[in-house]
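Quick note: the coordinates plus some simple rules give every number you see, no bench work behind them. Quick caveat, the model's predicted, so the values are computed rather than measured. All Cβ positions, even for glycine, are placed from backbone atoms using ideal geometry, and neighbour counts span all protein chains on display.
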Amino acid sequence: MNDQGDLITMTLPADVRYISVARLVTAGIAARAGLSIDATEDTKVAISEAATNVTEHAYKNSDGGRQPIKLTFTVRDGQLTIAVEDEGCGFDPKHLPDMSEKEFTEDTGLGLYLIKELMEDVTIQSAPGSGTKITMTKRTAG
């Protein structure tokens, strides 16, 4: 491992049938990063939620083609950082409900709330028309 950490990238179609692939890869990389079983399970749920958001929201106005989900995993001593990125329609993050207040609607389900609850650090970068990138970090217990 170098000072920057180990970097693993993959691209999957934005199709619910490939979320299980993202979960399997995440489990393997989490084990390499030294995450506990519970932390690995949390991370698998978080990546599932992020990928599901891409399949349900990012390309909702496209012609239905299988657009990409880019996953970037960075393994550093004591932590795993995952970025889930799409090239979809994007949105203004300022219009997200306050997840601390659990303001859920039909359009804003539990996904982002779960991600923020399960991971230590979560950032969302997006703008209308420019895609979305969710970056999340899980640390080892030690």
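Can you pull out every residue in segment 65-86 that is assigned to a strand (DSSP E or B) and among the small types (Gly, Ala, Ser)?
ALA83, the sole residue that qualifies.
In segment 27-35, is there at least one residue being touching a residue at least 60 places away in the same chain (Cβ under 8 Å) and of a type outside the set (A, V, I, L, M)?
Yes, because at least one residue in segment 27-35 is touching a residue at least 60 places away in the same chain (Cβ under 8 Å) and of a type outside the set (A, V, I, L, M).
Condition first: under 19 Å from ARG32 (Cα atoms) and of a type in the set (Gly, Ala, Ser). Now tell me which residues in segment 121-142 satisfy that.
ALA141, GLY142
Could you say which residue among THR9, THR26 is out of contact with any Asp or Glu (no Cβ under 6 Å at 6 or more places or on another chain) and outside any helix (DSSP H, G or I)?
It is THR9.
Do you know which residues across segment 1-22 are touching a helix residue (DSSP H, G or I) at 6+ places or on another chain (Cβ under 7 Å) and surrounded by fewer than 17 Cβ atoms within 10 Å (Cβ to Cβ)? Explain how you work it out, then say what you get.
Kept after step one, since they are touching a helix residue (DSSP H, G or I) at 6+ places or on another chain (Cβ under 7 Å), are these residues of segment 1-22: 8, 10, 12, 14-16, 19, 22.
If the condition is that a residue be touching a helix residue (DSSP H, G or I) at 6+ places or on another chain (Cβ under 7 Å) and surrounded by fewer than 17 Cβ atoms within 10 Å (Cβ to Cβ), then ILE8, MET10, ASP15, VAL16 are the ones that fit.
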